[in-house]
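Readers should treat all values here as calculations from the given coordinates under stated rules, not as data from a laboratory. Just so you know, these numbers come straight off a predicted model, no measurement behind them. For neighbour counting, all protein chains shown are included, and Cβ atoms are generated from backbone atoms with ideal geometry for every residue, glycine included.
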Amino acid sequence: MSPTPRPPVTRFAVMDILAEANERRAAGSDVLSLCVGEPMGGAPEPVLAAAAQALEHSPLGYTEALGLPELRAAVAGHYRRWYDVDVDPGRIVITTGSSGAFLFAFLAAFALGDRVALARPGYPAYANILAALGCEVVDLPCGPDTRYQPTPAMLEALDEPVAGLVVASPANPTGTMIAPEELTALATWCAAHRVRLVSDEIYHGITYPGATPVSTAARFPDAVVVSSWSKFWAMTGWRLGWLVLPDELVDPVGALAGNLALCPPALSQYAALASFTPAAYAESEARVEQYAASRQVLLDAAPALGWDRVAPADGAFYFYADVSGSGLDSVTWCRRLLAEADVAVTPGTDFDPADGERWVRVSFCVPPQVARQAVERIGTWQRAAFARR
């Protein structure tokens, strides 16, 4: 029996690059990996201690489908501390990573055939999840004139209406953020046109001087907010995220959660209770200082590398650069860089199927000394590889 035809889900090229990098490492090469958004260091010590305690003293059976009540309350406390906003814990849902959060949110908020707008370049999983659910993805080409973020004018210019808009601030792959007044304009437009706004905030906490992080949950209760423990707290493999939902979506998401996942990982939930302690915040903030130093290495090196078109990198830990001056497409550029200089970065085609062949994403969630070594290798490789051009 043939499978039911569905829109194809494209492969994430970064995973192929990562596999090649791992193969080269296994063969003895000294590979510097700046290709994946994998925060360094792992979970904070208080989280590890809480996990050990839970392993010894908790049964680790099923929890509530929406997550441990005490963890939902702790997330609400986090919003009070970071954003000075009161969020009802009843609107918070704990999920299996932000990936599970997007799946639940998209299923609850959109119907088969709904049109949902996304910035391009952007994180490919948004489009792939929506397409797999039978939604129509509407690309909004974004460039330096709008800091790679969507605007109400782009939405107004669409030929047909949309049911949803997904935004990310800080964004992957560009690291750009939506200014508070621009977020207000987008949210106001969405409310006026009955468009569901979905805000990806998983990189909150990882921002740099001059950027002002604002949570959509703080001012726009009709929006869906997605966040996670993966980035700021470096808990990628713990597979734990959360949603802040409008009241009308809580029950639909609860029904989906109970059927599709039963509950989020119990051990991760008990451990995550300790992520909101002062010691865990401090450890995570110290790691952000390391990212800032590595970011500065790339900013300083960009002119010498010939990267005169780069995204601002207000937050997250990504540097998006145009390498088309090399004469190579980004996939070839990345494969040659890995094969000839043992540096792994990601081609922009993952994030922008139309123009990504010009761009690469460099992940700088590495110690500054690794970033410096990678920059030196890239510069040496470019001078040798393109000297004949």
Exercise for the section: Can you tell me what the convex hull of the Cα atoms of the range 286-330 projects to on average, as an area in nm²? Expected result: 3.3 nm²
Exercise for the section: Mind giving me the nanometre distance, one decimal, between the label points for Thr332 and Ala132, set 7 Å out from Cα along Cα→Cβ? Expected result: 3.2 nm
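Run the helix sum for the chain: -39,500 (n - 2.57) per DSSP H stretch of 4+ residues, divided by residue count, reported at 222 nm to the nearest 500 deg cm²/dmol.
My calculation for the chain gives -13000 deg cm²/dmol from helical runs alone.
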Exercise for the section: Starting from the Cα-Cα distance between Ala339 and Ser99, subtract it from 0.36 nm times their residue separation and give me the gain in nm to one decimal. Expected result: 83.2 nm
Completion exercise
Hull surface over four for the Cα convex hull of the range 22-173, reported in nm², is 14.1 nm²
Fill in the blank from the handout: Taking max minus min of the Cα coordinates of the range 95-148 on each principal axis, largest first, gives extents in Å of 34, 25, 15
Completion exercise
With no solvent term and unit scatterers on the alpha-carbon positions of the chain, Debye gives log₁₀ I(q)/I(0) at q = 0.07 Å⁻¹ of -0.32
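Fewest first, what order do Ser363, Ser99 take by the number of other Cβ atoms within 10 Å? Mind showing how you got there, number by number?
Details: Ser363 25, Ser99 16.
Listing Ser363, Ser99 from fewest to most nearby Cβ atoms yields Ser99, Ser363.
How would the range 189-323 be classified by its alpha-carbon gyration tensor: rounded, prolate or oblate, with rounded meaning a/c under 1.5 and the a/b versus b/c comparison settling the rest?
Details: a/c = 2.33, a/b = 1.46, b/c = 1.59.
Note, shape of the range 189-323 comes out oblate.
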Practice task
Would you mind ranking Met177, Met154, Met15 by Cβ crowding within 10 Å, fewest neighbours first?
Solution key: Met15, Met154, Met177
Completion exercise
Cα extents of the range 45-277 per principal axis, largest first, Å, are 58, 41, 29
Exercise for the section: Any chance you could run the full-extension gain for Thr10 through Trp381? It's 0.36 nm times the residue separation minus the Cα-Cα distance, nm to one decimal. Expected result: 130.5 nm
Completion exercise
So, relative contact order of the chain in percent, Cα under 8 Å, 6 or more apart, is 25 percent
Problem - Between the range 22-66 and the range 242-268, the alpha-carbon center distance in angstrom - result: 23 Å
